[in-house]
Ligand SMILES: C[S@@+](CC[C@H](N)C(=O)[O-])C[C@H]1O[C@@H](n2cnc3c(N)ncnc32)[C@H](O)[C@@H]1O
């Protein structure tokens, strides 16, 4: 990676952490909100081995947009879907400041018609909200993406895996941030 890109990525991560600190004080100190940021530097390390020209990247629940913008800087065609419209505004403004082509849609990362039906019969999800699907605004469907990133709260991983296997493209990669700080890789079967 050249020095100029390294410097831009470091500036993006620093700004992302600062935005989250403000959000934590101004919003999360007063009421529950599901946005907690992943460790941006760890996510960067997890993305680096998967960059290749022409690949498409999607972030489920893109919040302030830092990871989607990072993916754009690394050469992916990058998009994020976020339910909280105010966070989408923040993400678009951050993308403008970093001269990023990352695209953001307000809506749900759950495709229209998707229903989570685990074998246990208990299809509750912790913090994943519902709303109109965001794929239409992107003009894409989940199986258009080669690499997908999500940060599930505890207990949400099985639903994200199910979603990816049922609607993702064969051989696509799902990167799941874990609360212990690592990023797990799940590759769809070749189909
Ligand atoms: C744990 S945060 C992760 C934020 C960011 N991806 C990161 O790793 O720093 C989860 C985000 O998903 C959003 N979210 C929850 N349910 C969603 C849904 N159905 N569709 C889109 N975004 C959703 C929340 O508003 C929140 O911003």
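A short reminder: the numbers here are calculations on the coordinates, not readings from a lab. Source: prediction; values computed, not measured. Counting neighbours? That spans all protein chains shown, and the Cβs are built from the backbone with ideal geometry, glycine included.
Can you tell me which of (1) buried (at least 21 other Cβ atoms within 10 Å of the Cβ); (2) assigned to a loop (DSSP other than H, G, I, E, B) is the one residue 117 doesn't meet? With (1) buried (at least 21 other Cβ atoms within 10 Å of the Cβ); (2) assigned to a loop (DSSP other than H, G, I, E, B) applied to residue 117, the lone miss is (1).
Apart from one condition, residue 170 fits all of (1) over 23 Å from residue 77 (Cα atoms); (2) in a loop (DSSP other than H, G, I, E, B); the exception is (1).
The rows are residues; the columns are (1) within 11 Å of the ligand (Cβ to nearest atom); (2) out of contact with any strand residue (DSSP E or B) (no Cβ under 9 Å at 6 or more places or on another chain); (3) under 29 Å from residue 172 (Cβ atoms).
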residue: 40; (1), (2), (3): yes, yes, yes
residue: 47; (1), (2), (3): no, no, yes
residue: 52; (1), (2), (3): no, yes, yes
residue: 65; (1), (2), (3): yes, no, yes
residue: 83; (1), (2), (3): yes, no, yes
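Whenever a residue of region 120-139 is in a loop (DSSP other than H, G, I, E, B), its partners that are away from the ligand (no atom under 13 Å from the Cβ), lying with C-beta atoms within less than 7 angstrom and at least six residues away or across chains, give the pairs 123/117.
So which residues in region 140-163 are outside any helix (DSSP H, G or I), in contact (Cβ under 8 Å) with a residue 40 or more places away in the chain and more than 13 Å from the ligand (Cβ to nearest atom), if there are any at all?
Our first condition is that a residue be outside any helix (DSSP H, G or I); within region 140-163, this holds for 140-141, 145-156.
Right, trim to in contact (Cβ under 8 Å) with a residue 40 or more places away in the chain and you get 140, 145-151, 153.
Hits for region 140-163 are 140, 145, 146, 147.
Among the residues of region 100-114, write down those that are touching a helix residue (DSSP H, G or I) at 6+ places or on another chain (Cβ under 9 Å) and assigned to a loop (DSSP other than H, G, I, E, B). Correct list: 100, 101, 102, 107, 109, 110, 111, 112, 114. Within region 94-138, being over 17 Å from the mean Cα position of the chain (by Cα) and under 17 Å from residue 72 (Cβ atoms) holds for 96, 97, 98, 99. Can you find a residue that is in contact (Cβ under 8 Å) with a residue 24 or more places away in the chain, more than 10 Å from the ligand (Cβ to nearest atom) and surrounded by 14 or more Cβ atoms within 10 Å (Cβ to Cβ) anywhere in region 104-113? Taking every residue of region 104-113 in turn, at least one turns out to be in contact (Cβ under 8 Å) with a residue 24 or more places away in the chain, more than 10 Å from the ligand (Cβ to nearest atom) and surrounded by 14 or more Cβ atoms within 10 Å (Cβ to Cβ).
Pairs linking a residue in region 51-66 that is in contact (Cβ under 8 Å) with a residue 24 or more places away in the chain and under 13 Å from residue 19 (Cβ atoms) to a residue that is assigned to a loop (DSSP other than H, G, I, E, B) and within 11 Å of the ligand (Cβ to nearest atom), with Cβ atoms under 8 Å and 6 or more positions apart or on different chains, are 63/35; 63/37; 63/84; 64/35; 64/37; 66/37.
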